[in-house]
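Worksheet: one structure, shown below.
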Amino acid sequence: MIDFASSPQSTLGVEWEIALIDRESGELTQRAAEVLGILRERRPELLEPASDRAHVTGEFLENTIEVITGVCTTVAQACRQLQELTDTIREITDGLGIEFYPAGTHPFSRWSEQPVVAKERYRRVVERAQYWGRHMVIYGVHVHVGVDSRDKVLPLVDALTNYGPHLLALSCSSPYWEGIDTGYASHRTQLYQQLPTNGLPFHFDTWEQYSEYLDSLVATDVINDPSEDRWDVRPVPRYGTIEMRYCDGLASLPDVAAVVAFTQCLVEYFSRRIEAGDKPEVLAPWHAQENKWRVARYGLDAKIVVSNEPAQRTLREDFELLLPELEPVARDLDCEVELAQVRRILAEGTGADRQRAVFERTGSMREVALDVAAQSRARALR
């Protein structure tokens, strides 16, 4: 049976995927290795994982870097780590004419022109998934939250499955693909779930059942190890965390702060309820699947199924019911400032809304890309 290395409850780790674009054209640029090579010469320690600071690594594509925090206790600490490291990276990219593009998909660069990094695990993805594997020109934000008991993990997966629509909606930032408005707020979601093992989690009543499931995937050559089971929310046994993977790329640190705080508060809120003997309702998989599609299509304007009765309400109405429940938790976790950014996104709209507004105003996909780059320079909240 797979061991779960428990962590201090509600500690954090954040992974922020950032595409690199050319400052003049706005096109994706295949220069991640060049940027990381210069950083290796100047600050080699920043390419090595550490518990007390962020580090940077390459990703699936040659146009992508990923900035990863250490183990943090507050959202503010995680965002400061991301700020400090991205400031250091910008000392390199600014001189190379490169901008950051941290949104879910690029609005016009062609997927077929984006080389995959020459690593064995990436080669396996492309070899197995072929056409769809090459389409993974997508960018996201992942949040790890520490869980102090294995017994809580699977109920927390169920809870975050129920609230996956909310997490995705806050981050929707991929309406365009190769110069076309897809009609979706999150086209990235539709692409990402084309790969085997990606998508919504299955429900298991016991850790033993979950372990047997993973063993069966390895035994039947679906995956090589448990890390390749890429659910939208999943346990990460070796870290003792639950990992939230629903989200599109987020254009700014204030947006990252909103989603990280919302995730941390959800996990802590439901952890307390589970300790009190109140396990979350397991939403029927057909409802969970429909909710995910509706939010990918309509963003914050979606109506979602909220119980198996069945009952539904608008996503915005559900946020208004949920946030007052989370705000006392945010006070305990010292992330009130960051959770308040959720209300800002609800008022201002998502990244997808902003991209469409920029295109309507300018008629230029290049301006859409450069506006995301400009947003990426917003500073951490504190």
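All of the numbers you see were taken from the coordinates with simple rules; none came from a lab. Since the model is a prediction, treat every value here as computed from it, not as a measurement. Every residue, glycine as well, gets a Cβ built from its backbone with ideal geometry; the counts of neighbours run over all protein chains shown.
Here are the numbers for this structure:
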read-out: Number of the exception - Phe270 against (1) among the aromatic types (Phe, Trp, Tyr); (2) surrounded by fewer than 17 Cβ atoms within 10 Å (Cβ to Cβ); (3) under 22 Å from Thr73 (Cβ atoms); value: (2)
read-out: Residue that is under 29 Å from Ala50 (Cβ atoms), in a helix (DSSP H, G or I) and not small (Gly, Ala, Ser), where the choices are Val218, Val153; value: Val153
read-out: Only one of Leu300, Leu381 that is farther than 30 Å from Asp22 by Cβ, in contact (Cβ under 8 Å) with a residue 40 or more places away in the chain and not acidic (Asp, Glu); value: Leu300
read-out: Residues of the range 210-233 satisfying the condition of being closer than 19 Å to Lys152 by Cα, among the hydrophobic types (A, V, I, L, M, F, W, C) and out of contact with any strand residue (DSSP E or B) (no Cβ under 8 Å at 6 or more places or on another chain); value: Leu214
read-out: Residue pairs meeting the criteria (Cβ under 8 Å; at least 6 apart or on separate chains; first closer than 9 Å to Gly240 by Cα and touching a residue at least 12 places away in the same chain (Cβ under 8 Å), in the range 1-13; second surrounded by fewer than 18 Cβ atoms within 10 Å (Cβ to Cβ) and among the basic types (Lys, Arg)); value: Phe4/Arg150; Ala5/Arg238; Ser6/Arg150
read-out: Residue that is surrounded by the most Cβ atoms within 10 Å (Cβ to Cβ) [pool: residues in the range 273-297 that are in contact (Cβ under 8 Å) with a residue 24 or more places away in the chain and farther than 16 Å from Phe202 by Cα]; value: Val295
read-out: Single unsatisfied condition, Ala251 versus (1) aliphatic (A, V, I, L, M); (2) under 23 Å from Arg331 (Cα atoms); (3) crowded, with 24+ Cβ neighbours inside 10 Å; value: (2)
read-out: Answer residue from the range 205-231, given it is farther than 20 Å from Arg134 by Cα and buried (at least 17 other Cβ atoms within 10 Å of the Cβ) and is nearest to the chain's Cα centre (by Cα) among those; value: Pro226
